[in-house]
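These notes concern the structure reproduced below.
The values are calculated or read from the model by the stated rules, or taken from the named source; none is laboratory data. The shown structure was predicted, so the numbers you read here are calculated from the model rather than taken from an experiment. Please note: Cβ atoms are built from the backbone with ideal geometry, for glycine as well, and neighbour counts cover all protein chains shown. Just so you know, the surface numbers come from the protein's heavy atoms only, side chains and all, with ligands and any DNA or RNA stripped out. Shrake-Rupley method; radii C 1.70, N 1.55, O 1.52, S 1.80 Å.
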Amino acid sequence: MGKRAALATYDKEFSFVSPFVKYLLFLFNLIFWMISLVLMSIGIYARMMKHAEAAMACLAVDPAILLLIVGVLMFFITFCGCVGSLRENICLLQTFCIFLTMIFLLQLAAGVLGFVFSDKARNKVSEMINNAIVHYRDDIDLQNLLDFGQKEFSCCGGVTYTDWSQNMYFNCTTDNRSRERCSVPFSCCLLSKDEAVINTMCGQGMQELPFLQAGAFIHTNGCIDKLVNWIHSNLFMLGGIALGLAIPQLVGILLSQILINQIKDQIDLQNYNLQHRTDPWQ
């Protein structure tokens with residue numbers, strides 16, 4: 001009788017749910033949940049610091065909006081993972097797993113399509129850069145991003161330096177009365193380390209000069225070709241970054257599936273015990 005009672009007690013205390021898997025998944029989601037809060041905070045702060053008219057001018061190219069969207073999406077997904085793992089809630093865990101799988105597949109599809117349809121991807125990037133040039137003076141974050149890209153890749157404009165004529169301030173038409181008419185931003189300029197005083201107006205009137213003459217003062221090649229060449233030269237590094245992004249997603253999918261199966265087994269065990277409570281030894 002004592003042995004039967006001990007076995008019954010063991011059955012009640014036994015659980016298919018592994019505490020290691022449960023709390024590892026919770027910690028995994030907690031880390032990314034905190035990262036999502038940081039991204040959301042940065043996005044909201046950057047958005048609130050802009051003027052209302054600038055905020056409405058270029059929503060499609062605003063880095064702050066991009067940060068905010070990524071932060072909100074991460075917040076929702078990791079919240080489902082945190083609560084689902086802690087409360088052993090199958091519905092929340094399945095939601096977490098489905099969204100994570102969808103994001104992983106979309107990233108994989110985007111990478112494959114970008115490689116297969118490289119010409120269309122190039123045209124899309126060119127369209128984004130041209131749109132950013134048009135709104136260069138409307139958004140300080142976008143301005144800093146473009147300036148950083150032009151300095152980093154030693155380039156100017158999308159295809160060539162005359163692309164800056166698409167901007168209303170740098171436009172080279174005769175009816176443009178802007179002081180920056182026919183100019184390019186300072187980030188296009190060739191800088192010499194020997195110069196004691198930096199000429200911040202070195203891009204003034206450069207669009208009126210021929211290609212070879214302008215090349216003595218500014219970078220004349222566009223950023224699209226430089227970006228494509230950089231991608232081809234750093235395929236292994238980009239592949240490593242893609243793998244680094246994919247591994248946490250695959251780990252999250254695997255852990256959530258393991259935990260879901262364990263919870264289902266635990267529910268089956270509880271249902272079995274409820275159906276067999278007629279044991280006379282209990």
Handout entry: the stretch 118-241: relative contact order in percent, alpha carbon pairs under 8 Å with at least 6 residues between
Key = 26 percent
Completion exercise
Note, V17: beta-carbon cut-off 11 Å, +1 each Lys/Arg, -1 each Asp/Glu, net 0
Exercise for the section: Would you rank W164, W230, W33 by solvent-accessible area, highest first, keeping every protein chain in place and using a 1.4 Å probe? Expected result: W230, W33, W164
Practice task
Excluding T162 itself, calculate the net charge of residues whose Cβ lies under 15 Å from the Cβ of T162, where each Lys or Arg counts +1 and each Asp or Glu counts -1.
Solution key: -3
Exercise for the section: Bin width 10 Å, alpha-carbon pairs only: give the P(r) of the stretch 118-241 as whole percents, running from 0 to the bin holding the largest distance. Expected result: 13, 42, 32, 11, 2, 0
Problem - Given charges at Cβ of Lys, Arg, Asp, Glu: the chain dipole, positive-most of V17, F236, I98 - result: V17
Practice task
Would you work out what percent of the accessible area of the chain, with all protein chains in place, is carbon or sulfur (probe 1.4 Å)?
Solution key: 67 percent
Practice task
Could you work out how far helix 90-116 tilts from the main Cα principal axis of the chain, as a 0 to 90 degree angle to the nearest 10?
Solution key: 40 degrees
Practice task
Please report, in Å, the Rg and the Dmax of the stretch 57-126, where both are computed over Cα atoms only.
Solution key: 16.3, 48
Practice task
Jot down the per residue volume, in cubic angstrom and as a whole number, of the convex hull over the alpha-carbon atoms of the chain.
Solution key: 193 Å³
Completion exercise
The number of Lys pairs in the chain whose alpha carbons lie under 20 Å apart, excluding pairs fewer than 8 residues apart on one chain, is 8
Fill in the blank from the handout: Taking the alpha-carbon centre of each part, the distance from the stretch 148-215 to the stretch 231-277 in Å is 51 Å
Fill in the blank from the handout: Treating every alpha carbon of the stretch 80-185 as one equal point scatterer without solvent, the Debye formula yields log10 I(q)/I(0) values at q = 0.09, 0.13, 0.21 Å⁻¹ of -0.45, -0.68, -1.04
Fill in the blank from the handout: Counting only protein heavy atoms and rolling a 1.4 Å probe, one gets per residue an accessible area for the chain in Å² of 64 Å²
Handout entry: Student exercise, the chain dipole from Lys, Arg, Asp, Glu Cβ charges, in Debye to nearest 20
Key = 740 debye
Exercise for the section: Would you work out which of T174, V112, F153 lies farthest towards the positive end of the dipole of the stretch 108-206, given +1 charges on the beta-carbon of Lys and Arg and -1 on that of Asp and Glu, about the Cα centre? Expected result: T174
Exercise for the section: Could you please report the charge total around C172, scoring K, R as +1 and D, E as -1 over all other residues with beta-carbon less than 15 angstrom from its beta-carbon? Expected result: -1
